[in-house]
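Peer 1: The structure is given below, and queries will be raised subsequently.
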Amino acid sequence: MTGGSEQGNNDRQTQEQLLAFRHGNVDAFEQLFRLHQRAVYRWILHIVRNPAEAEDLTLETFVRIYRAHARFDPARGFEGWARTIATHAALDWMRSSRAERALRFETMEDPPAPAGIDAAMSAEIRARIIRAMGRLPPKLRIAALLAGVEERPHKEVAQALDISVAAVKLRVFRAVRLLKRDLEGQGIRP
């Protein structure tokens, strides 16, 4: 019976910590930072595809989180709220440095070429796909990356983007349509 009692204490402690954070307690914020820093970094890395930028954006996210502490609703949980702020930080970054970022997008690691396909041809096609992905509008690119490439659940992507699941599906559909057009314009038939 001690397991249930421990869980109750942990839940109560977590709620107290979230309330303390909401009221601006720096110690509570530091604890949340330590608990969620890696998850926020991984989430941002899925979006920006650049470890150094993901590190910077993780710190930017936590600055934004601290500044918005009074708007935090402890009843809704911290993780989803942090993902939403992280997504908006990544989106702002994508909008601010589009041309420079497009070059970085091209350098993201390629998966190994499938067996039986000419490696040089496969690498060229992957490079063209990556460039085409970099040319997508940021809102469509984020939805396509998270839902399509990273295979995150639509509900999770919707929460992070602060939009409906239907809007996520629409953005993914539009992204795929634009990618197909772009690739066909390059002579690649998807």
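Values quoted throughout were computed directly from the atomic coordinates according to the rules given, and no laboratory measurement underlies them. Everything quoted here is computed from the prediction, not taken from an experiment. No Cβ is skipped: glycine too gets one built from the backbone with ideal geometry, and neighbour counts run over all protein chains shown.
Peer 1: Quick check on the exposure proxy: order Ile65, Ile142, Ile163 from fewest to most C-beta atoms within 10 angstrom.
Peer 2: Sorted ascending by nearby Cβ count, the order is Ile163, Ile65, Ile142.
Peer 1: So, one more: State the dimensionless ratio Rg/Rh of the stretch 1-96 (Rg: radius of gyration of Cα atoms; Rh: Kirkwood radius).
Peer 2: So for the stretch 1-96, dividing Rg by the Kirkwood Rh gives 1.05.
Peer 1: Would you mind getting me the FRET efficiency between Ala127 and Thr14? Use the beta-carbon distance for r and R0 = 41 Å, nearest 0.05.
Peer 2: Between Ala127 and Thr14 the formula returns 0.35.
Peer 1: Now for a different question. Identify the residues of the stretch 161-190 with backbone N under 12 Å of a label point that sits 7 angstrom from the Cα of Arg135 along the Cα-to-Cβ direction, or state none.
Peer 2: 178-188
Peer 1: Now a separate question. Run down the lysines and flag those whose C-alpha is under 18 Å from the C-alpha of Lys155, throwing out any fewer than 8 positions away in its chain.
Peer 2: The qualifying lysines are Lys139, Lys169.
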